[in-house]
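The values are calculated or read from the model by the stated rules, or taken from the named source; none is laboratory data. Since the structure is predicted, the reported quantities are computational estimates derived from the model, not experimental observations. Counting neighbours? That spans all protein chains shown, and the Cβs are built from the backbone with ideal geometry, glycine included. Side chains included, ligands, DNA and RNA excluded: accessible areas come from the protein's heavy atoms. Shrake-Rupley method; radii C 1.70, N 1.55, O 1.52, S 1.80 Å.
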Amino acid sequence: MPLDDTRYLKGAPVAARIIAEVRAAADKAVEEGFPPRLVSITVGDVAAVDVYVRNQRAKAGLAGIDFEERRFPAETTAAELEAAIHGMNADPRVTGIIIQRPVPAHIPVKAIQAAVHPLKDVEGMHPASIGNIVYNEIELAPCTAAASVELLKATGLDLKGLEVVVVGHSEIVGKPIAFLLMSEGATVTVCHHMTRSVAAHTRRADALFVAVGKPRLIKGDMVKPGAAVIDIGINAETAPDGSTRIVGDVDTDSVKDVASWITPVPGGVGPVTVAILLRNTMVALNRQRALYQSTYATEGKMAAE
Ligand SMILES: NC(=O)C1=CN([C@@H]2O[C@H](COP(=O)(O)OP(=O)(O)OC[C@H]3O[C@@H](n4cnc5c(N)ncnc54)[C@H](OP(=O)(O)O)[C@@H]3O)[C@@H](O)[C@H]2O)C=CC1
Ligand SMILES: Nc1nc(=O)c2c([nH]1)NC[C@@H]1CN(c3ccc(C(=O)N[C@@H](CCC(=O)O)C(=O)O)cc3)C=[N+]21
């Protein structure tokens with residue numbers, strides 16, 4: 001189908017709406033003396049991360065959020081990285097910290113993620129943040145998962161009681177998507193590499209989320225007619241002529257004739273992921289301000305003590 005077909009559920013308008021909301025909130029926070037600042041940590045040289053960081057910088061600029069990139073050499077030790085993160089935790093000028101994945105194999109990414117103070121965890125990957133979404137507190141969730149759910153909401157479908165299937169159950173994407181959808185009242189089935197028949201599940205789905213990392217895994221005959229398909233995959237594919245392009249986990253050519261909505265790759269989940277990161281930065285800022293308020297703005301009480 002041509003790219004202007006309304007069945008394409010594009011990320012740009014959803015991202016633009018979120019960024020405009022962030023801009024208004026950020027401008028107000030600056031006026032009130034609390035400028036939001038996002039720090040990106042990259043370890044080593046990873047081409048896959050570059051696109052993401054470039055987009056973060058550009059969109060942070062549009063949203064009125066300061067963006068600082070900290071690049072560490074590939075040989076940095078986990079202890080050095082933790083020390084740097086502790087410094088940022090203690091620095092009141094830093095609102096949020098994002099650790100770009102992947103990091104070199106000698107760095108335990110879970111421990112590094114947990115070193116970020118929960119109030120500065122704009123990625124929603126700290127165990128405390130993951131715990132919040134299990135408790136139905138979904139204001140700040142892992143960016144890609146939250147972006148995928150925003151795109152489903154953009155279809156106008158009612159999530160309550162909706163039959164949803166999620167293929168892939170990683171901590172960063174599949175699992176948080178399932179928790180967010182459960183919070184919204186959907187009936188959720190999660191498939192993974194041990195699922196006996198992925199197709200038997202996907203064919204029942206009114207909404208299908210795919211986050212596996214396998215190009216064209218989901219074909220048209222695996223999709224229920226009229227379904228909404230959210231393709232989270234980002235895979236680099238090399239053509240016989242040597243050129244590379246980005247494809248998702250869904251075989252768009254065959255699925256487009258069956259589904260009522262499908263997110264393109266690129267141009268679908270990716271741009272919304274960046275917008276959610278910026279929205280999370282404002283949520284983090286507001287939480288930090290509330291803590292500051294309750295700690296210092298208790299004049300009467302302090303005087304009485
Ligand atoms: N747009 C964005 O912002 C982002 C996009 N991505 C993209 O999303 C995709 C997934 O990323 P991520 O979740 O980090 O990947 P992981 O490799 O961490 O997880 C892949 C998941 O897919 C499951 N799986 C593997 N093979 C199959 C199969 N044949 N059938 C069903 N399930 C299978 C795995 O199950 P098991 O563990 O049981 O093996 C695992 O749960 C990638 O293409 C990645 O590039 C990722 C992050 C952000
Ligand atoms: N801690 C961490 N969290 C992540 O969520 C994470 C990460 N590390 N490392 C890398 C992957 C990849 N990822 C992308 C997000 C958006 C685009 C994006 O904006 N893509 C656009 C632009 C494409 C382009 O400009 O070529 C699109 O899909 O249309 C890309 C890639 C997040 N990831």
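Tabulated data
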read-out: Residue match in the stretch 158-180 (condition: over 21 Å from residue 218 (Cα atoms), of a type in the set (A, V, I, L, M) and not assigned by TED's automatic domain parsing to the domain that holds residue 38); value: yes
read-out: Residue in the stretch 187-207 that is under 16 Å from residue 268 (Cβ atoms) and touching a residue at least 12 places away in the same chain (Cβ under 8 Å) present; value: yes
read-out: Yes/no for residue 147 being under 24 Å from residue 285 (Cβ atoms) and either assigned to a loop (DSSP other than H, G, I, E, B) or away from ligand 1 (no atom under 16 Å from the Cβ) (or both); value: no
read-out: Matching residues, the stretch 17-41, being of a type in the set (Gly, Ala, Ser) and surrounded by 15 or more Cβ atoms within 10 Å (Cβ to Cβ); value: 25, 26, 29, 40
read-out: Index of the failed condition, residue 74 passing every other in (1) among the aliphatic types (A, V, I, L, M); (2) more than 13 Å from ligand 2 (Cβ to nearest atom); (3) within 13 Å of residue 99 (Cα to Cα); value: (3)
read-out: Test result for residue 117, open to solvent by 10 Å² or more (accessible area, probe 1.4 Å), within 14 Å of ligand 2 (Cβ to nearest atom) and within 27 Å of residue 282 (Cβ to Cβ); value: no
read-out: Restricting the stretch 147-158 to residues that are free of Cβ contacts under 8 Å to residues at least 40 places away in the same chain and not charged (D, E, K, R), the residue that is least open to solvent (accessible area, probe 1.4 Å); value: 149
read-out: Within the stretch 159-190, considering residues that are part of a loop (DSSP other than H, G, I, E, B) and near ligand 1 (Cβ under 10 Å from one of its atoms), the one most open to solvent (accessible area, probe 1.4 Å); value: 171
read-out: Inter-residue pairs, beta-carbon under 8 Å, first farther than 14 Å from residue 264 by Cβ and in the stretch 218-242, second among the aromatic types (Phe, Trp, Tyr), 6+ apart; value: 227/261
read-out: Hits in the stretch 42-58 (condition: within 13 Å of ligand 1 (Cβ to nearest atom) and either of a type outside the set (A, V, I, L, M) or open to solvent by 10 Å² or more (accessible area, probe 1.4 Å) (or both)); value: 46, 47, 48, 51, 52, 55, 56
read-out: Helices (runs of 4 or more DSSP H) enclosed by the stretch 1-117 - at least 2 residues per element that are more than 21 Å from residue 127 (Cβ to Cβ); value: 11-31, 47-63, 78-90
read-out: Complete set of residues in the stretch 100-111 that are surrounded by 19 or more Cβ atoms within 10 Å (Cβ to Cβ) and either within 16 Å of ligand 1 (Cβ to nearest atom) or under 21 Å from residue 51 (Cα atoms) (or both); value: 100, 103
read-out: Single residue of 257, 221, 251 found to be at pLDDT below 95 and away from ligand 2 (no atom under 14 Å from the Cβ); value: 257
